[in-house]
Structures are given as structure tokens and as C-alpha cells.
1. If you stretched the chain out fully between Leu179 and Asp61, how much longer would it get, using 0.36 nm times the residue separation minus the C-alpha to C-alpha distance?
2. Could you order peptides 95-101, 283-289, 195-201 by the average number of other Cβ atoms within 10 Å of their residues, highest first?
3. Looking at this model, which pairs from Lys368/Lys395; Lys347/Lys368; Lys309/Lys347 are more than 22 angstrom apart at the alpha-carbon?
4. Give a residue-ordered list of calculated ³J(HN,Hα) values for region 179-185 (Karplus: 6.51 cos²θ - 1.76 cosθ + 1.60, θ = phi - 60°; whole Hz; x for Gly, Pro).
5. Residues with amide H under 5 Å of Glu389's amide H, sequence separation 5 or more or different chain, H placed in the peptide plane at 1.01 Å from N; which?
6. What's the ranking of 318-324, 119-125 by average number of surrounding C-beta atoms within 10 Å, highest first?
7. Net charge within 14 Å of Gly204 by Cβ-Cβ distance, Lys/Arg positive one each and Asp/Glu negative one each, not counting Gly204 itself?
8. Specify the inter-centroid distance of region 294-346 and region 158-189, based on alpha-carbon positions, in whole Å.
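Read the figures in this text as sums done on the coordinates, not as results from a lab. Keep in mind it's a predicted model, so treat the numbers as computed, not measured. Glycine gets a Cβ as well: all are built from the backbone with ideal geometry, and neighbour counts include every protein chain shown.
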Amino acid sequence: MINMNKILLFSLISILMASIVIAAGADGASVPGTGMNSPDMGKTEKSQAVGSAPEQGILTDEEIAGLKLMREEEKLARDVYMVLYDEWNLPIFNNIANSEQTHTDAVKTLLDMYGIEDPVSIDEPGVFANQELQTLYDDLVNQGSTSLLEALIVGATVEDLDIFDLNELIAQTENQDILLVYNNLVKGSRNHMRSFVEQIENNGGTYTAQYIEQSELDEILGSSHESGLLLDENSNIIRGVSSELRGPQGQRRMLQPGNYQVSGGRGINIQQQANNRMMIQTDGISVDCPLCPEMTQERVQNGTRFYAKLSNGRNAEIKIMPDTASQTALQRLNLRNCTDDCSIELKEANIGNQVRAVYEVQAQRNSKVFGIFSARMQVQAQVDAETGEVIQVNKPWWAFLAVEPEE
């Protein structure tokens, strides 16, 4: 029987290598008491982790400390990039910040697998249990706020530190679960280093290695972007793995941008938009999603389920996909397609005395009043996101006088 923890790890790794915005955290090795030179990092005493995988159940204190460190390093990188994006509005920071959220979740998955206490008890941006990391965060944010060039140098520095630290951690473990994650993370950090240095040079600056050897940096910059091939513990390519970090089965977590597979093997894509808005895409249909920032996701055996938190406290499962809802609404409105004068949203609606999650289609369509006079008509249809039922159709009062040809 296939070990479920391995399946979880393979699913976890797939999202880490899904795109160029892949990186690990920001720091650790250079910080006294938190990285490779910490007195605690040299211990080799074995400890049994509660709830760990049977075949990989014993971790050294060194391995446990490394995982805790990486959990907060990933968070530090995310938090720094979020601040720099707010300051400079450069997409690279926003893209990587979204990726870093996935990475800190990835390390947490390993902590949960091995029953290790999570150092991020409350995920508050810019706040760290490790005081050395707290100081580092403050220093990086201050440096990055002085100019755009300095902000980009901070980004390269984060990746520099991360590559150095991950190299050290990789050398200190033989645990295949941990190595699978670390090796993919460091590959992502090299990709990010290439991106940041390119941006630095485009802005008239240069970057010199601060933590890894300059020769290693030169080798990274002299090679092309690394593809997202996934390797198992035997260095074999893993094929056909969905690009999704699904997390442990039955555990809900906040919705994250990325590619997902739902029941029936269908794929959907969730994208982060400006002003904290998100968009869902599937089969060529794009839906604005005001509900998404408060939605959660849950991995199940055959894919991922999504839940919308409604104002009455109820979690509504989004069982109907955007393309199905769109087709249903357009058929009811006698429209073939949702064109430039048409929009689709996944939102909350009050229907009678009930609060529901609905897909709302709004469109402008042609009509002829009395079959003679041309007029534009605003039409709307709402489809229940749980049942697929058309629950409301709105047209102007004079619609009963008009002919609505199929468009």
C-alpha cells in the first residue's frame, strides 16, 4: 500500500516547482542562535516525533531545529516581500510573496507530519518568535524602503541567505521527506535569485554575493531558469502530479492562489488580483470572486473542496464550477456567450430570508419593444453555487413588452 505521507509530500512539492515565483525563506544561517552556527544545531541526539511517519519517525534535534527555522524563514520572506510590494508596487514582490505563503505552508506540513510544535503559533505579518529573525526583518524592511534599487537588493539578499542556509540544512540530514522539500526549495531560490539580479541590473545596479560563495552565485546567474521537474527520493522524475499544495486531508486552510483539481478530475485556477480581489478561471471562463478572500480549501481523496464563509456564519461549499454556472445563467437569459458587456461574480446574496453563495451574471442585451423599437436591456441571473439552481432572474419592468432574440 502506498504511504499516504509520500502522496502528501509529492502533492506538496508539485506546487513548489509550478512557476518561477518559487523560493524558500529569507534568513537563518547568519543569525546567531538560529542557524547553522547555533549551539543547538550541533546535537545529534535522536528524538521520537509524535504522530510521525512510521518509516521516517525519528528525527535528530538538528533536523527538528532546521524545520522550525525554515518555517519562520519562509514567513519572513513572505512578510518582507509584502511590505516591499506595498512600498514600490512592483509585481515581482507580490508574486513572490504569494509563493512564500505556499512555502511556509509546505514546511508546516512537514512539522505536522512529524508532530513538531509550530513556532508560528499566530501568523501575524512582521512578528516572529525568533528575536534574531525579528531584528533581521526590521533591518531588511528599513533597507528596502530607501529606494527601489535597495528593495531589489533586499530581495536578492533574501534568496542569497536562503540558498546558503538550505545548503547547510541539506548537508545535515538524510531524511528523505525533508530532503525532498529542501532540494525543491533551493532550486526555487536559485530561480528567484536570477529574477532579482536581472531586475537589479535593469535598474542600474549590481549584486555581489553576501553569504554563498561568489563562484556559486556566478554559476547560478550563468545558467538558465530551472524547470519544475519533480524528483522523488530515488532521483526519479515524478510525472502527472497536480500542481497543488493540498495540505493534509480533512484540514481546512485559507484559500491560496494556484492550480487545483476538483471532483471528477477537473482543474481550476485561482489568481490574486489587485485590491485583495481574486479571480477563478476554468475552461475559459473567468469569474471575479469577492467571496474568495474569506474562503477556505480542504483536500479530500479525489481533489479539493472550497467553502465560502457567509455573513450568517455558515460555510457554503462551492460545488458548482464557474463554467457550469455561467452556461446555466446564459441559457436562462437566452445568451450564447458572456461578451464585453457581460460580467460574472461569485458573491453573497440575500434570497428571501436566506444568505447564499451565488454566481451572478449581469449583461446588456439587445431587444425590440413591441417587436419594433430597438432597446438595450440590463439583465441579471443568479445561480446557487451549492446546487446549480437558477434562483433569481432580473429584467427591466418593460421586458414583457419586448422581444429578446438569442445572441
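1. On the way: separation 118, 0.36 × 118 = 42.48 nm, distance 1.59 nm.
Additional length available on full extension: 40.9 nm.
2. Details: 95-101: 23.6, 283-289: 17.3, 195-201: 19.3.
Top to bottom by mean Cβ count within 10 Å: 95-101, 195-201, 283-289.
3. Numbers: Lys368/Lys395 14 Å; Lys347/Lys368 31 Å; Lys309/Lys347 11 Å.
Flagged as over cut-off: Lys347/Lys368.
4. Karplus-based 3J(HN,Hα) across region 179-185 equals 4, 4, 6, 4, 5, 6, 5 Hz.
5. Those qualifying (amide H under 5 Å, at least 5 residues apart or on another chain) are Asp384.
6. Numbers: 318-324: 20.4, 119-125: 12.0.
Result, highest mean Cβ count within 10 Å first: 318-324, 119-125.
7. Details: positive: none; negative: Glu150, Glu198, Glu201.
Surrounding charge for Gly204 is -3.
8. If you average the Cα positions of each part, the centres end up 39 Å apart.
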